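First up is the structure itself, then whatever we jot down about it.
A short reminder: the numbers here are calculations on the coordinates, not readings from a lab. Everything numeric in this text was worked out from a predicted model, so none of it was measured. Glycine also receives a Cβ, built like all others from the backbone with ideal geometry; neighbour counts cover every protein chain displayed.
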Amino acid sequence: MDPLTLLEPAATRVRDPLSGRSAWLAGMVADPRVDGDVLRFTLVVKKDHSPEDRQRIREAIVRNLVERGWEGEVACTIRVDGLAEAPRRDGGHDHGHGHDHGGGGHGGGRDPIRGMSGPGMQPHGGPIQKQKPEGVKHVIAVTSGKGGVGKSTVATNLAVALAGMGKKVGLLDADIYGPSLPMMMHVSGKPVASEAKKIMPLPAHGVRCMSIGFLVDEKEPVIWRGPMVMGVINQFFKDVDWTDTDYLVVDLPPGTGDAQLTMIQGVPIAGGVVVTTPQPVALLDAVRGVEMFKKLDVPVLGVVENMAWYELPGGARAYPFGEGGGARLAAEYGVPLLGQVPLRDSIRQGGDDGRPAVLDGVEAFTQIAAKVAAVLPA
Ligand SMILES: Nc1ncnc2c1ncn2[C@@H]1O[C@H](COP(=O)(O)OP(=O)(O)OP(=O)(O)O)[C@@H](O)[C@H]1O
Ligand SMILES: [Mg+2]
């Protein structure tokens, strides 16, 4: 079972007196995991949290876990400024009565797992097992290296174009810190659970969509720590109903850091798409995107050169970001150039209005989709 499905509501109902927010949104819960019948997590506190506060928050979360049906034990490690205290264990039934096992941080519990972490390892250590999301034929990851080059624009238009070809398409916004799918697809609302207890994605423009933006307040910054982000992305793959999906297009967060690596290693990705603009500073980062896929044995479907040119009124082209950078990158790395997308007002407008420009006939996106579908038939 996924500990996050219990921990999130349990910690959401506990207030952190320092930040005034819930312990969950204050980022106090880290490293959740289930280990046999022990649910483990780290309570991340600040120096300014008094011992009473720490105790109260810890007990309240544990109490909520039990109320929500957790029957095993709970081991909570408190971490202050990078210092770890010994875990304390609570039996499933006797806390809430002030019962204290081994006070002063000397509980009789096992040590918390201090596995290796980082790329290739789960947040709590141990090599990652690739798990194919149920019902999905091909997972396509869209990345860029550099931020703001049009990754989400390409991901949404690619998804809508594939759907336009009659394919069954899902779109997953893995950009937890800056979700843009709700706006770009003009879709909002709270997803509901199916009878099989799976989260139902929200439909828009013939595509089934999932984004953290559906679950948290748009204006509230997500200040989760790495392990929580990984937890929610895993849930997006595992606990969302992607039944009968030909292509699941994933809009990765910008960059090639730990979050991207962990995600790419967590699910089998059929192909990676690298988006870049033509100028050298973006290409440099795009190279990292290509390298990341190659290192992780993800087949690179190709490069999309976005904002490739600007169409002048007379029909001539201007190249505000330089000419042909995407093509050179593709040639240099021996990967296909999937397409060149012009810099066009209507594409930006489409993003802001939640009506992907491919619906209004931007051919470049249709061509990109056709190439993707040719390589990955569904
Ligand atoms: N070809 C284009 N023509 C005009 N505007 C574009 C084009 N591609 C993207 N844009 C606009 O540029 C902005 C950034 O694009 P987008 O959000 O897709 O980038 P991103 O790489 O996903 O950014 P982030 O790194 O923040 O996730 C958006 O306002 C989008 O509408
Ligand atoms: Mg984006």
Checklist line | Cα radius of gyration and Dmax for the range 252-378 (Å) | finding: 15.2, 49
Next item on the list: Quick one: which residues, 5 or more positions from ALA204 or on another chain, have an amide H under 5 Å from its amide H? H modelled 1.01 Å from N in the peptide plane, none for Pro or chain starts.
Entry: CYS209
Check: Can you work out ³J(HN,Hα) from phi for every residue in the range 160-168, in order, using Karplus 6.51 cos²θ - 1.76 cosθ + 1.60 and θ = phi - 60°, giving whole Hz and x for Gly and Pro?
Finding: 5, 5, 4, 4, x, 7, x, 7, 9
Margin query: For VAL216, what residues show an amide H to amide H distance below 5 Å, using hydrogens built from the backbone and excluding near sequence neighbours?
Written below: none
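Would you mind calculating the relative contact order of the range 3-90 from Cα pairs under 8 angstrom and at least 6 residues apart, reporting the percent as a whole number?
That works out to 28 percent.
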Next item on the list: Have a look at GLU220, GLU71, GLU134 and tell me which one the Gaussian network model of the chain (Cα, springs below 10 Å) gives the largest fluctuation.
Entry: GLU220
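How big is the convex hull of the Cα atoms of the range 3-90, per residue, in Å³? Walk me through the intermediate numbers first.
Details: hull volume 7.1 nm³, N = 88.
In the range 3-90, the Cα convex hull volume per residue is 81 Å³.
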Check: Thinking of the range 136-375 as a set of Cα atoms, what percent of all their pairs are more than 28 Å apart?
Finding: 26 percent
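Under the rule of -39500 (n - 2.57) per DSSP H run of 4 or more residues, summed and divided by the residues of the chain, what mean residue ellipticity at 222 nm is obtained, to the nearest 500 deg cm²/dmol?
Values: 10 runs with 114 residues, N = 378.
The helix contribution divided over the chain gives -9000 deg cm²/dmol.
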Next item on the list: Compute the FRET efficiency between LYS294 and ASP53 as 1/(1 + (r/R0)^6), taking r as their Cβ-Cβ distance and R0 = 30 Å, and round to the nearest 0.05.
Entry: 0.05
Next item on the list: Pull up all non-local amide H partners of TRP24: gap of 5 or more, or a different chain, and H-to-H distance under 5 Å with H placed in the peptide plane.
Entry: THR12, VAL14
Checklist line | By average C-beta atoms within 10 angstrom, highest first, the peptides 185-197, 42-54 | finding: 42-54, 185-197
Check: Which residue, PRO254, PRO336, PRO17, has the most motion in a Gaussian network model of the chain that connects Cα atoms within less than 10 Å?
Finding: PRO17
Margin query: Test of understanding: in a Gaussian network model of the chain with alpha carbons linked when under 10 Å, which of THR143, THR77, THR156 would top the mean-square fluctuation ranking?
Written below: THR77
Item checked: the chain, relative contact order in percent, only Cα pairs under 8 angstrom and at least six apart counted -> 16 percent
Note to self: In whole Hz and in residue order, list the ³J(HN,Hα) couplings for the range 4-14 that follow from phi through the Karplus curve 6.51 cos²θ - 1.76 cosθ + 1.60, θ = phi - 60°; x for Gly and Pro.
What the structure shows: 5, 5, 8, 5, 4, x, 5, 7, 5, 8, 10
Checklist line | Sequence-distant lysines (8 or more away, or on other chains) whose Cα lies within less than 24 Å of LYS151 | finding: LYS132, LYS137, LYS167, LYS168, LYS219, LYS238, LYS294, LYS295, LYS371
Checklist line | Relative contact order, percent, the range 220-378 [alpha-carbon distance under 8 Å, six or more residues apart] | finding: 18 percent
Note to self: Can you compute 3J(HN,Hα) from phi for each residue in the range 356-361, using the Karplus curve 6.51 cos²θ - 1.76 cosθ + 1.60 with θ = phi - 60°, rounded to whole Hz and x for Gly and Pro?
What the structure shows: x, 4, 4, 5, 9, x
Item checked: GLU332-GLU363 pseudo-label distance in nm [points 7 Å out on the Cα-to-Cβ vector] -> 2.9 nm
Check: Which FRET efficiency value, to the nearest 0.05, do you get for ARG317 and VAL375 by plugging their Cβ-Cβ distance into 1/(1 + (r/R0)^6) with R0 = 30 Å?
Finding: 0.60
